Amino acid sequence: LKTPLTVITGYLETILDNRLVTSHGVRAVEQALKQSGRMNRLLQDLLLLSQLETTAPDPNPTQLRVRDILDHAAREADEVKNALQRENTEIQVISTSDLCLLGDWNELTSAINNLTSNAVRYSPDGAVIELGFLIRDGDGLLIVRDNGPGILPEHLPRLTERFYRVDNSHSPTTGGTGLGLAIVKHILLRHGGTLEIDSTPGRGSEFRCVFPGERVIRNQGAVT
Ligand code: ADP
């Protein structure tokens, strides 16, 4: 799938760059190029999901500073913000935790990036997005909170199903694949964790990645 898609995309770019179609054809080729980009994103997400489902998690996870994970997520969220021209959206890291999480850097940053990218994409310009970390009953909670549109309660149980998207998110600006939260759920599963979602329509959403206490490290020891 990847190879033919790369070839198709290459030809479409050549047609546009060299103006090989009349002005009437340009729009059609642009649309085809846009859809091939979308297909490419779907393919990348599907490959990642199948890799997460079919490979064993790392038996020797790395000690990762929560602060580094949150700062990385804030930088990535800034990029999404700029790409979508949400100049007035604020990204705030509200935790100063010096704790560590045992896990895989690429997987955990990918999970939290998915959540922050959703928060930016689905909230209007000027929204406030908070990234934080806290301990609850010994578990570690990575939190992404927004004051965006929120999600109706009937959708919440289905959000982590693959390809599930809430109707109003089919607008072209959000450009998602419907696989983001399925990926987050699988990454958390590989870390012994779960995803909790609270949302109030009109007020905003909170996504919590819950990690068992033995994955949270302080002063060389697990938090209990
Ligand atoms: P995608 O974003 O690619 O559509 P996801 O699996 O990441 O897929 O999200 C599923 C759906 O959940 C989205 O289509 C959107 O309707 C809803 N959603 C996710 N995050 C938020 C959020 N922060 N605020 C409002 N709706 C959200």
Filter region 77-112 down to the residues that are assigned to a helix (DSSP H, G or I) and acidic (Asp, Glu), then identify the one that is surrounded by the fewest Cβ atoms within 10 Å (Cβ to Cβ).
Glu79
Taking the criterion of being in a helix (DSSP H, G or I), away from the ligand (no atom under 16 Å from the Cβ) and surrounded by 16 or more Cβ atoms within 10 Å (Cβ to Cβ), would at least one residue in region 33-43 satisfy it?
yes
Could we say that Ala56 is in a loop (DSSP other than H, G, I, E, B) and among the hydrophobic types (A, V, I, L, M, F, W, C) here?
yes
Cβ-Cβ below 8 Å, separation at least six or inter-chain, first residue in region 115-138 and farther than 18 Å from His72 by Cα, second within 9 Å of the ligand (Cβ to nearest atom) and in a loop (DSSP other than H, G, I, E, B): which pairs?
Tyr122/Gly148; Tyr122/Pro149; Tyr122/Thr174; Ser123/Gly148; Ser123/Pro149; Pro124/Gly148; Pro124/Pro149; Ala127/Gly148
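Return yes when Leu141 is out of contact with any Lys or Arg (no Cβ under 6 Å at 6 or more places or on another chain) and either among the hydrophobic types (A, V, I, L, M, F, W, C) or surrounded by 18 or more Cβ atoms within 10 Å (Cβ to Cβ) (or both) and no when it is not.
So Leu141 does not fit the description; no.
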All conditions in (1) charged (D, E, K, R); (2) buried (at least 16 other Cβ atoms within 10 Å of the Cβ); (3) over 17 Å from Leu181 (Cβ atoms) are true of Arg121 except (3)
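Laboratory data are not the source of any read-out in this text; all were calculated from the coordinates shown. What you see is a predicted model, and the numbers here were worked out from it, not measured in a lab. Positions of Cβ are backbone-derived with ideal geometry, glycine not excepted, and every protein chain shown enters the neighbour counts.
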